[in-house]
């Protein structure tokens, strides 16, 4: 019995190029208040293009209908729970959208005089301070555009420090449970990557680590809680082992939603970390971005932070461009400011105690789901979980149904799937992160759906394998898409 | 299933040698494990290959697998038809979907590889 | 819920954390505030910024009107609050829009394929350079001094630890165009990429064909950068490039003090597998209907890890959607007309001043400040509620006496006349 959803009609819609017809327009421009210029003369005839071949021509009503119809083909947080593990798909408060559009902020040009940018700079200063307090760190750069960009920045900072100490070293250690961006970022920073196996409880194996940390290891990148949702109980020891050998501890803050207000990475030995404002701090994911990936560091790494740095001189804020140890710029201008505004609004709305409550609710929701689904799905790691829980499909796989199939069937019940087949250390993983913004009603109906699917698999596995049935698009042929790539529209 | 005149590796490549002329491919077991193959990345003719080192890769939608050279040698020809029809690797991995032809540095090396019978019991045990 | 979890208070859920890691106090942050107070706070911050000023700043970030449909579309929760479209069956809206975006970027740039977006123009440059180095197997990169200075800084940060030596070549002092002789003399057998920008940082339209000829003759790829996307409404597409790396801020993305914007990388078909970033492809569903999905993802970090083409994961989907709506609203005719208005305004202003360079320009140009310094001129202008041009000394010491001025369709004739009065 599917309680949450029923089918409804959705509109068909052609591509823009197919519904285009010559002469239609959706724009208005004012009359020119200066003389027109002949482009061929001003730019040189050889530099002026013919028409933009294939570009759409449609009316305003057609344009709004086009995008509205398309939008209804998406699932979204606004429709319901989005339990994607490690993605922290929480409600995106609309107040954030409103304040990000405040005119003096949204229309501030990055090169306008600093004297006319004090408001923007104060927003950045306040956010830097709040994030430093939340992380227990000494300094924050807001420049990186996303999590992976923050990782790259953080590893470059470590390299700069070690270089200054005489040897940048060659290797970064990364647990096999890590997100793929970790090794990719380390590689761009010029490091070799050595994978370390997780222990039986899903954590870092201390004795293995002790052996691996040699004089050529620059850092360990850990995600804490790790991708199983398990807190690294030995984290203080881990930091000690690294520090003893002159190596650094990098923390991927993708899972900070489990820690805010409860524990601070800076207090448990982390030297540098990034945050994903589009996860923990509620800025919308927008179908894939934009995000922001601020990096927080201990004092010893501060001299190396990207240029420019915000600094206060009495009542005025200014940017400091003359920093001789800086790793340089990682992005033009100062960061994804519009995303920073949203994150600060979120922090202000919650305040200190509110942020801690949010963390407790996030963990409560995840533990509740674990208890409810444990009788039906295999739980490969028994350690206490925090904000997310990872099951495996091993019971269902015996009947030929894999995690990807269960995920697709979940769509028929009106939910977005959980994260499928990640982390890779769990064969056939179902990674579930409810976040704090789901209430008991929505979570109970998710649990009902998961239990119902477990029963369906026992009675009719074939049916589950062919799901979804209620979507306007059935299973998509990804194989043909990859074998014969069609990456743009072309006229027939 | 597995031709007797081929030799096999633990990484699921096969090699067929005639004197110093060899042909390399991936096994039926390998294509089954990978699922639908969508792309094959092969080296240029003239490239030296080293036993146990990657000579290229095979991709499915969500995985990339290295192809390891079973023996030492030099590439003399690549199977151009796979660029347009990688799906052949799923249907005929031991025949039309060979990957590269090589000149073996030392034809004796194939003696160290598995026979068809050994390979069959090897993949049996792996399952 | 607590009962199901086997605890009596939520605090017990954290009992397994070692004492030494716990924060035994509340965060030192003010208590939560209401919506009303938050709006007030940000309004008050905004009041300490430039409000009600006319501005002649460009230099990579442009003041163009944002058609109202843009916010209407991107405010829809279905676009705003959805994740990356990995589950194709329930993400066809985002996927279809990205496919349209990729198509329009190809139409604009003359390239065969475009990705679903990069963080911004500045980070698209090093990504394009790394791509060219992979494709050619040659590590050296030559970049024109007339490429946006901050983009060049980002390139040098990325290149430093990848054994990717970066060298610069100059511009002709009289015209502001690429110094092709300098480029030719600096080319060598190890150079895998030549990077130019058009219109360049000084607003001048570059000789893409000539640069391509030099790059190709030496076995390097040509990367063409753009920061002013509106120029593509009028300018010949850079089809001689091998890779185009650009910034779409001009397409309905508010300046927002420097971000978020959206970058793109577009290229020729043969380099698809070297390309970073997400790609959407067309296919069918099991009923045979047209459908779209993310494709060729084996290039990406979540599969290839340290061997990936890039570490990029999150991109700028919603911002790319703004650009998509913008391109749809203006369309074939509108984008041209918009570009013509920009051209007319900038040339009106330039006609009253003396541009420093003789090269053909689009909507930006450099002027030498006569008698006074650019900073002094700007100070005078501020009193008239006008933000003048960007003084160039910060980036180009040899141009310390000059500023970069920009005029768009939003620039008013009266403000231009007021500027001229102070400047002249």
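When the distances between all Cα atoms of chain A are binned every 20 Å from zero, what whole-number percent does each bin get?
With a bin width of 20 Å, the distribution comes to 20, 48, 29, 3.
How many partner chain Cβ atoms sit within 10 Å of a residue's Cβ in peptide A:183-196, on average, as a whole number?
Going residue by residue through A:183-196 and averaging, the value is 5.
Hey, could you get me the Stokes-Einstein D for segment A:43-124, Kirkwood radius over alpha-carbon pairs, 20 °C and 1.002 mPa s, rounded to whole µm² s⁻¹?
Value of D from the Cα-based Kirkwood radius: 117 µm²/s.
Over chain C, with a single point scatterer placed on each C-alpha, what log10 of the ratio I(q)/I(0) does the Debye formula yield at q = 0.07, 0.08, 0.13 1/Å?
At q = 0.07, 0.08, 0.13 Å⁻¹ the computed log10 ratios are -0.40, -0.52, -1.16.
Could you tell me, in Å, what Rg and Dmax come out for the Cα atoms of segment A:1-73?
Final numbers for Rg and Dmax: 20.3, 71 Å.
Give the distance, in whole Å, between the Cα centre of segment A:219-259 and the Cα centre of segment C:345-405.
Here the two parts' Cα centres lie 51 Å apart.
Would you mind giving the mean number of other chain beta-carbons within 10 Å of the Cβ of each residue in A:145-153, as a whole number?
For peptide A:145-153, the averaged partner shielding equals 5.
Quick one, can you get me the convex hull of the C-alpha atoms of segment B:1-119 expressed as volume per residue in Å³?
In segment B:1-119, the Cα convex hull volume per residue is 87 Å³.
For the pair residue C:167 and residue C:394, what calculated FRET efficiency results from E = 1/(1 + (r/R0)^6), where r is the Cβ-Cβ distance and R0 = 22 Å, to the nearest 0.05?
0.50
Over chain B, what relative contact order in percent results from Cα pairs under 8 Å that are six or more residues apart?
The normalised contact order for chain B reaches 32 percent.
Would you mind checking the radius of gyration and Dmax of segment A:66-217 based on alpha-carbon positions, in Å?
Both quantities, over Cα of segment A:66-217: 21.0, 59 Å.
Could you calculate the FRET efficiency of residue A:103 with residue A:394 from 1/(1 + (r/R0)^6), where r is the beta carbon distance between them and R0 is 56 Å, rounded to 0.05?
Result of the calculation: an efficiency of 0.50.
For chain A, what's the relative contact order in percent, using C-alpha pairs closer than 8 Å and at least 6 residues apart?
For chain A, the relative contact order is 19 percent.
Dividing the convex hull volume of the alpha carbon atoms of segment A:421-475 by its residue count, what do you get in Å³ per residue?
131
Could you tell me how far the Cα centroid of segment C:3-47 sits from the Cα centroid of segment B:1-56, in Å?
Here the two parts' Cα centres lie 57 Å apart.
So for the pair residue C:420, residue A:201, with labels modelled 7 Å out along Cα→Cβ, what separation do we get in nm?
For the pair residue C:420/residue A:201, the computed spacing is 7.7 nm.
Based on DSSP, what percent of beta bridges with both residues in segment A:95-348 are antiparallel, to the nearest 5?
If we restrict to bridges inside segment A:95-348, about 45 percent are antiparallel.
Note down the Stokes-Einstein diffusion coefficient of segment A:353-478 in µm²/s, whole number, using a Kirkwood radius over alpha carbon pairs, 25 °C, and 0.890 mPa s.
So the translational diffusion coefficient is about 163 µm²/s.
Rg (Å, one decimal) plus Dmax (Å, integer) for the alpha carbons of segment C:346-424?
11.7, 32
Per the Kirkwood formula on distinct C-alpha pairs, the Rh of segment A:132-214 is how many angstrom?
Kirkwood radius, segment A:132-214: 14.3 Å.
Counting pairwise Cα distances across segment C:189-347, what percent come out greater than 19 angstrom?
It works out to 65 percent of all Cα pairs.
So for segment A:250-376, averaging the separation of alpha carbon pairs under 8 Å that are six or more residues apart and normalising by length, what relative contact order in percent results?
RCO, segment A:250-376: 26 percent.
What value does segment A:95-348 have for Rg/Rh, both radii from Cα atoms and Rh as Kirkwood defines it?
Taking Rg over the Kirkwood Rh, I get 0.97.
When you count, for each residue, the other Cβ atoms within 10 Å and take the mean per peptide, how do C:361-374, A:47-60, A:4-17 rank with the highest first?
Packing order, densest peptide first, comes out as C:361-374, A:47-60, A:4-17.
What three numbers, in Å, describe the spread of the alpha carbons of the protein assembly as shown along their principal axes, ordered from the longest?
Per principal axis, max minus min of the Cα coordinates gives 89, 75, 66 Å.
Restricting to the protein assembly as shown, compute how many DSSP beta bridges are antiparallel as a %, nearest 5.
DSSP beta bridges in the protein assembly as shown are roughly 70 percent antiparallel.
Quick check on segment A:190-248: what does the Kirkwood estimate of hydrodynamic radius come out to from the alpha carbon pairs, in Å?
One over the average 1/r among Cα pairs gives 11.9 Å for segment A:190-248.
Label points 7 Å out from Cα along the Cβ direction at residue C:239 and residue C:182: separation in nm?
Each label point is offset 7 Å from its Cα along the Cβ direction, giving 3.1 nm.
Would you mind putting A:323-333, B:53-63, A:450-460 in packing order, based on average other-beta-carbon counts within 10 Å, highest first?
Most protected by this proxy first, the peptides run A:323-333, B:53-63, A:450-460.
Measure off 7 Å from each Cα along the Cα-to-Cβ vector at residue A:374 and residue A:6, then give the distance between these two points in nanometres to one decimal.
Going by the 7 Å Cα→Cβ label model, 3.8 nm.
Between residue C:4 and residue B:84, take the C-beta separation as r, use R0 = 35 Å, and let me know the FRET efficiency to the nearest 0.05.
0.05
Rounded to the nearest Å, what's the spacing between the alpha carbon centres of segment C:223-265 and segment B:98-113? Just the number, please.
51
List the pair-distance distribution P(r) of segment C:50-169, using every Cα-Cα distance, as the percent of pairs falling in each 10 Å bin from 0 up to the bin containing the longest distance, rounded to whole percents.
In whole percents, the pair-distance histogram is 10, 27, 32, 24, 7, 0.
Can you tell me what share of the DSSP beta bridges in chain A is antiparallel? A percent to the nearest 5 is fine.
Within chain A, antiparallel bridges account for around 55 percent of the total.
Order the peptides C:147-153, A:414-420 from the highest to the lowest mean number of other Cβ atoms within 10 Å of their residues.
Result, highest mean first: A:414-420, C:147-153.
Taking each residue of C:121-131 in turn, how many C-beta atoms of other protein chains fall within 10 Å of its C-beta, and what is the average?
Mean partner shielding for this stretch: 2.
Values quoted throughout were computed directly from the atomic coordinates according to the rules given, and no laboratory measurement underlies them. Keep in mind that what you see is a predicted model, and the values were worked out from it rather than measured. For neighbour counting, all protein chains shown are included, and Cβ atoms are generated from backbone atoms with ideal geometry for every residue, glycine included.
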